[in-house]
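Colleague: Before I ask anything, let me first share the structure, which is written out below as structure tokens.
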């Protein structure tokens, strides 16, 4: 239900994003994983129509058949919140500290529906219950600072699903939360997605989290999707060298309680660091940092798709297992 | 044999921390622990557990109200003047957010020189500075730059170099890699492990990431609401947690982590 | 826990990539585009202030007529009269000369009072910010009391005790402005003191006085510069007000405020006499205010580097 084709975003003449092909099925959950400077936030902004002035954008972002990039600002605003919901990283910053919880959620309802008066309040209580907040009625009059981080994020989610969107975009929604709270919020997102048949685009730097939540994953580096496919497939059998390097650098948790094997073991690192915008090498954007670079890599690698719908952009992919 | 750091029944509250009814809102309660020289200890817990406060009390940046904290057998609350300076030399901290722990108006060279200037009352010579910066894997060209010109990973290396410039015995690290990308995190963690082995450092690391602690710290302390819930060898505690809380932490950490072999 | 995985835009490439050498041409173009993006208030304010300082400066070397030269033949000449570009007053003194001398006086008083008030006030503010938590409240209230004191009354009292004059006026302005500088400094200073790099300084043995001097002060520098320009504007206005009330500078020394006083009775006969000193006061104070606003806009994005929210 979300189809991105040949999306290109340029700022000041420099192409920062180029996504040839990205699909999200209705009701499924796609993870977009990348580090700082990968372009993942820009991609989300491009889909949401929230790119800053002066950015050139081309290609197509088809949502439910309609190309979002052809919409005017007004039309886009209607889609946002209504068909597409957003949850951001730091709930403390996304919630208005001066406004009571009830009012903030009811705003989301009022903008996108004709409900008035007590019907709105009922819906707010219902939504707060759906995000598993205990005793929702008592929360209506509270201010954000009176809630914990996890509770604040649940409120954000409630506001985001108020208009029953078809797609929920979550950008690092649990990064600022404790690990136990994180698990709860992630489970909540999964259950909401399943119950409402709502697609989820989950953006994160953390492959472990994405594996937990999502069915499929797209790895973004230097504004390109370098690998995509089913999450289990990509994580156990990464093909692009960046993906396998990212997996190797992840501290992870020991399998089968084998803590003694973990202790003191160095992690495999990626040499160098992510280049600044516009300073990426020609051809394969990862080639300056890749251990397995070949001469071919100075030209742009082709997109290859395996039978299991596992796509990658690499001249010299890894074969079988993270290496 | 006395441990390097010993804490007995320590209680700490922030100034003016009182709840309704006049009762004190203790941030740390009844903390007792021992840190042996050259060991690596991880302190884990969630927000509000007091873990960051604990290391600050242990290196005497904050002063506890009850109980004792000793360094090399001596009570740290008695340290004054020169002795206090020596305590500072032996105990150094690496902070969580590299962008915030360096004065934005000071060059890297200046920031690196500050501990020696403060604790040894002299200016470090070029050779010293260069040795410091190269030891953390950075080149001398960063010395004339300002913090805003460096990446997060580079800044964290500078922070580590700064702490090590006075050759401390213990290095406390407060979530040293939490603010960094995964690949940069790996670089800094490897660096810390290498330096620890090379310099024979005692390392006390606060982290919320059990995966990181599993790799770096042979001992672990689990904290919750200002108390120590469980402590011991990382291997034992994590493979066989005695406390429900530790088990819950483990379960949540496992759920959202990549389970893997140690390499690859 | 906050995580900043998106802080990337300001980071330079890794040390493995060298910085490019820029040819002189590129530098010029960059400078020009940089200058173009500066706010207009900076230029307008800067221009007015520059004009003010220039006029005051020139007055030391040249005025159309010697100070206080009377031209009894040409009393109350309207502007445009040959030899009297802006007219002359009741005693035949040339307006241009008087304005220039008045500028000189205003400059002197405002410079001295601002420098002293800022130094003393900022020091007090820093000390309060660095004092014990329990003391900070009462001390800040004390500063608030100072702020609440009506400045004009203080000036009148001082004049009554020590006689009117430039010195009295300057002291009055200083007394008035010190609480302002102190109060403005306390907040930002406290914010900086709560930052990580201050804690780091303590961790390697720095004492609080060092931290205040070498970490807090440089990082609130831009703020203080902006405050200075605002205090200059205030000083100009207060000096004029005091001179108008005849408790400030005394004749024969010229001052815009005194000119206002002397010419107000002639408002019907020769309105231009009030106009010129009045407009001078307005433009100069406005200039400083605009300059302060422009500086704040320019320095603001950099403030986030020091850690102030």
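Colleague: How about the stretch B:169-191: which of its residues are assigned to a loop (DSSP other than H, G, I, E, B) and either out of contact with any strand residue (DSSP E or B) (no Cβ under 8 Å at 6 or more places or on another chain) or within 14 Å of chain A (Cβ to nearest Cβ) (or both)?
Modeller: First pass over the stretch B:169-191, keeping only residues assigned to a loop (DSSP other than H, G, I, E, B): B:169, B:175-181.
Once the filter is applied, which keeps residues that are assigned to a loop (DSSP other than H, G, I, E, B) and either out of contact with any strand residue (DSSP E or B) (no Cβ under 8 Å at 6 or more places or on another chain) or within 14 Å of chain A (Cβ to nearest Cβ) (or both), the stretch B:169-191 yields B:175, B:176, B:177, B:178, B:179, B:180, B:181.
Colleague: Oh, and also: Being farther than 22 Å from residue B:177 by Cα, at the interface with another protein chain (Cβ under 9 Å from one of its Cβ atoms) and out of contact with any helix residue (DSSP H, G or I) (no Cβ under 7 Å at 6 or more places or on another chain), is that true of even one residue in the stretch A:234-253?
Modeller: Filtering the stretch A:234-253 for residues farther than 22 Å from residue B:177 by Cα gives A:234-241.
The next check asks that each one be at the interface with another protein chain (Cβ under 9 Å from one of its Cβ atoms); those that pass are A:235.
Subset that is out of contact with any helix residue (DSSP H, G or I) (no Cβ under 7 Å at 6 or more places or on another chain): none.
Checking the stretch A:234-253: not a single residue is farther than 22 Å from residue B:177 by Cα, at the interface with another protein chain (Cβ under 9 Å from one of its Cβ atoms) and out of contact with any helix residue (DSSP H, G or I) (no Cβ under 7 Å at 6 or more places or on another chain).
Colleague: If the requirement is being more than 27 Å from the chain's Cα centre (by Cα) and buried (at least 18 other Cβ atoms within 10 Å of the Cβ), which of these qualifies: A:262, A:292, A:280, A:286?
Modeller: The match here is A:262.
Colleague: Quickly run through the stretch A:29-55 and pick out the residues that are touching a strand residue (DSSP E or B) at 6+ places or on another chain (Cβ under 7 Å) and within 14 Å of chain B (Cβ to nearest Cβ).
Modeller: A:31, A:33, A:34, A:38, A:39, A:40, A:41, listed by residue number.
Colleague: A follow-up question, please. Please go through (1) surrounded by 14 or more Cβ atoms within 10 Å (Cβ to Cβ); (2) under 19 Å from residue A:185 (Cβ atoms) for residue A:93 and return the number of the only condition it doesn't satisfy.
Modeller: So residue A:93 meets the others, but not (1).
Colleague: Continuing with the same structure: Mind checking which pairs have a first residue in the stretch C:25-45 that is closer than 27 Å to residue C:292 by Cβ and a second that is modelled with pLDDT under 75 and not in a helix (DSSP H, G or I), Cβ under 6 Å, 6 or more apart or different chains?
Modeller: If the second residue must be modelled with pLDDT under 75 and not in a helix (DSSP H, G or I), no pairs are left.
Colleague: Tell me, please, whether a residue that is within 7 Å of chain C (Cβ to nearest Cβ), out of contact with any helix residue (DSSP H, G or I) (no Cβ under 7 Å at 6 or more places or on another chain) and assigned to a helix (DSSP H, G or I) can be found in the stretch B:118-135.
Modeller: Here is the first cut: in the stretch B:118-135, the ones within 7 Å of chain C (Cβ to nearest Cβ) are B:118-119.
Checking the rest, the ones that are also out of contact with any helix residue (DSSP H, G or I) (no Cβ under 7 Å at 6 or more places or on another chain) come to B:118.
Add one more test, that the residue is assigned to a helix (DSSP H, G or I), and what stays is B:118.
Yes, the stretch B:118-135 contains a residue that is within 7 Å of chain C (Cβ to nearest Cβ), out of contact with any helix residue (DSSP H, G or I) (no Cβ under 7 Å at 6 or more places or on another chain) and assigned to a helix (DSSP H, G or I).
Colleague: Report whether or not residue B:166 is more than 14 Å from chain A (Cβ to nearest Cβ) and over 16 Å from residue B:101 (Cα atoms). If you could, list the steps in order and put the result at the bottom.
Modeller: Details: more than 14 Å from chain A (Cβ to nearest Cβ): yes; over 16 Å from residue B:101 (Cα atoms): yes.
It is true that residue B:166 is more than 14 Å from chain A (Cβ to nearest Cβ) and over 16 Å from residue B:101 (Cα atoms).
Colleague: Working only within the stretch B:176-201, note down all residues that are crowded, with 22+ Cβ neighbours inside 10 Å and within 27 Å of residue B:241 (Cβ to Cβ).
Modeller: Result: B:176, B:177, B:182, B:185, B:186, B:189, B:192.
Colleague: Scanning the stretch B:239-264 for residues that are more than 7 Å from every other protein chain (Cβ to nearest Cβ) and in a loop (DSSP other than H, G, I, E, B), which turns out surrounded by the fewest Cβ atoms within 10 Å (Cβ to Cβ)?
Modeller: B:240
Colleague: Let me ask something else about it. Going by the structure shown, is residue B:206 assigned to a strand (DSSP E or B) and either within 7 Å of another protein chain (Cβ to nearest Cβ) or within 22 Å of residue B:152 (Cα to Cα) (or both)? Show your work before the answer.
Modeller: On the way: assigned to a strand (DSSP E or B): yes; either within 7 Å of another protein chain (Cβ to nearest Cβ) or within 22 Å of residue B:152 (Cα to Cα) (or both): yes.
Judged against the criteria, residue B:206 is a match.
Colleague: Counting only residues that are out of contact with any strand residue (DSSP E or B) (no Cβ under 7 Å at 6 or more places or on another chain) and in a strand (DSSP E or B), which one in the stretch A:219-259 is surrounded by the fewest Cβ atoms within 10 Å (Cβ to Cβ)?
Modeller: By that ranking, first place goes to A:254.
Colleague: Quick check on the stretch B:102-113. Is at least one of its residues closer than 20 Å to residue B:55 by Cβ and out of contact with any strand residue (DSSP E or B) (no Cβ under 8 Å at 6 or more places or on another chain)? Walk me through it before giving the result.
Modeller: Initial filter on the stretch B:102-113 (closer than 20 Å to residue B:55 by Cβ): B:102.
This time we only want the ones that are out of contact with any strand residue (DSSP E or B) (no Cβ under 8 Å at 6 or more places or on another chain), so: B:102.
Yes; the residues of the stretch B:102-113 include at least one that is closer than 20 Å to residue B:55 by Cβ and out of contact with any strand residue (DSSP E or B) (no Cβ under 8 Å at 6 or more places or on another chain).
Colleague: Looking at (1) in contact (Cβ under 8 Å) with a residue 60 or more places away in the chain; (2) buried (at least 19 other Cβ atoms within 10 Å of the Cβ); (3) within 21 Å of residue C:121 (Cβ to Cβ), which is the only condition residue C:179 fails?
Modeller: The number of the failed condition is (1).
Colleague: Quick check on residue B:85: is it away from every other protein chain (no Cβ under 11 Å), free of Cβ contacts under 8 Å to residues at least 40 places away in the same chain and within 25 Å of residue C:210 (Cβ to Cβ)?
Modeller: Details: away from every other protein chain (no Cβ under 11 Å): no; free of Cβ contacts under 8 Å to residues at least 40 places away in the same chain: yes; within 25 Å of residue C:210 (Cβ to Cβ): yes.
Spelling it out, it is not the case that residue B:85 is away from every other protein chain (no Cβ under 11 Å), free of Cβ contacts under 8 Å to residues at least 40 places away in the same chain and within 25 Å of residue C:210 (Cβ to Cβ).
Colleague: Out of the stretch A:55-68, which residues are within 20 Å of residue A:39 (Cα to Cα) and in contact (Cβ under 8 Å) with a residue 40 or more places away in the chain?
Modeller: As a first pass, look at the stretch A:55-68 and keep what is within 20 Å of residue A:39 (Cα to Cα): A:55-62, A:68.
Within the stretch A:55-68, A:55, A:56, A:57, A:58, A:59, A:60, A:61, A:62 qualify.
Colleague: May I ask you to list the residues in the stretch B:212-238 that are assigned to a helix (DSSP H, G or I), more than 7 Å from every other protein chain (Cβ to nearest Cβ) and free of Cβ contacts under 8 Å to residues at least 40 places away in the same chain?
Modeller: Pass one, the stretch B:212-238, residues assigned to a helix (DSSP H, G or I): B:212-216, B:234-238.
Filter once more, keeping what is more than 7 Å from every other protein chain (Cβ to nearest Cβ): B:213, B:216, B:236-237.
B:236, B:237 - these are the residues of the stretch B:212-238 that are assigned to a helix (DSSP H, G or I), more than 7 Å from every other protein chain (Cβ to nearest Cβ) and free of Cβ contacts under 8 Å to residues at least 40 places away in the same chain.
Colleague: Shifting gears a bit: I want to confirm something. Restricting to the stretch A:125-138 and keeping residues that are assigned to a helix (DSSP H, G or I) and in contact (Cβ under 8 Å) with a residue 24 or more places away in the chain, which single residue is surrounded by the most Cβ atoms within 10 Å (Cβ to Cβ)? Can you show your working first?
Modeller: Within the stretch A:125-138, the first condition is being assigned to a helix (DSSP H, G or I), and the residues that meet it are A:125-130, A:136-138.
Okay, now just the ones that are also in contact (Cβ under 8 Å) with a residue 24 or more places away in the chain, so A:127-128, A:130.
On the way: A:127: 23, A:128: 26, A:130: 18.
Ranking the qualifying residues of the stretch A:125-138, first place goes to A:128.
Colleague: Here is a follow-up. Name the residue, out of B:214, B:207, B:236, that is closer than 15 Å to residue A:259 by Cα and buried (at least 20 other Cβ atoms within 10 Å of the Cβ). First the steps, then the outcome.
Modeller: Numbers: B:207 fails: closer than 15 Å to residue A:259 by Cα; B:236 fails: buried (at least 20 other Cβ atoms within 10 Å of the Cβ).
Among B:214, B:207, B:236, only B:214 is closer than 15 Å to residue A:259 by Cα and buried (at least 20 other Cβ atoms within 10 Å of the Cβ).
Colleague: Something else now. Residue check, residue A:282 against (1) in contact with a strand residue (DSSP E or B) (Cβ under 6 Å, 6 or more places away or on another chain); (2) more than 9 Å from every other protein chain (Cβ to nearest Cβ); (3) in a loop (DSSP other than H, G, I, E, B), all met but one. Which one?
Modeller: The one condition residue A:282 does not meet is (1).
Colleague: How about the stretch C:185-206: which of its residues are outside any helix (DSSP H, G or I), over 16 Å from residue B:116 (Cβ atoms) and within 10 Å of chain B (Cβ to nearest Cβ)? Working first, answer last.
Modeller: Within the stretch C:185-206, the first condition is being outside any helix (DSSP H, G or I), and the residues that meet it are C:194-195, C:204-206.
If we keep only those that are over 16 Å from residue B:116 (Cβ atoms) too, we end up with C:194-195.
Of everything in the stretch C:185-206, just one residue is outside any helix (DSSP H, G or I), over 16 Å from residue B:116 (Cβ atoms) and within 10 Å of chain B (Cβ to nearest Cβ), namely C:195.
Residues are listed down the side, and each one gets a yes or a no for (1) modelled with pLDDT of 85 or more; (2) touching a helix residue (DSSP H, G or I) at 6+ places or on another chain (Cβ under 7 Å):
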position: A:32; (1), (2): yes, yes
position: A:44; (1), (2): yes, no
position: A:53; (1), (2): no, no
position: A:56; (1), (2): yes, no
position: A:82; (1), (2): no, yes
position: A:92; (1), (2): no, yes
position: A:105; (1), (2): yes, yes
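Colleague: Since residue B:178 meets every condition but one in (1) more than 22 Å from residue A:266 (Cβ to Cβ); (2) modelled with pLDDT under 95, which condition does it not meet?
Modeller: Unmet condition: (1).
Colleague: Now for a separate question. Can you find a residue that is in contact with a helix residue (DSSP H, G or I) (Cβ under 8 Å, 6 or more places away or on another chain), within 14 Å of chain A (Cβ to nearest Cβ) and part of a loop (DSSP other than H, G, I, E, B) anywhere in the stretch B:48-69?
Modeller: No, the stretch B:48-69 contains no residue that is in contact with a helix residue (DSSP H, G or I) (Cβ under 8 Å, 6 or more places away or on another chain), within 14 Å of chain A (Cβ to nearest Cβ) and part of a loop (DSSP other than H, G, I, E, B).
Colleague: Also, quick follow-up: For the stretch B:73-85, what are the residues that are closer than 16 Å to residue B:55 by Cα and surrounded by fewer than 16 Cβ atoms within 10 Å (Cβ to Cβ)? Talk me through it step by step, then tell me what you get.
Modeller: From the stretch B:73-85, those closer than 16 Å to residue B:55 by Cα are B:75-77; that's our starting set.
Scanning the stretch B:73-85 gives B:75, B:77.
The values are calculated or read from the model by the stated rules, or taken from the named source; none is laboratory data. Nothing here was measured: the structure is a model prediction, and the numbers come from that model. All Cβ positions, even for glycine, are placed from backbone atoms using ideal geometry, and neighbour counts span all protein chains on display.
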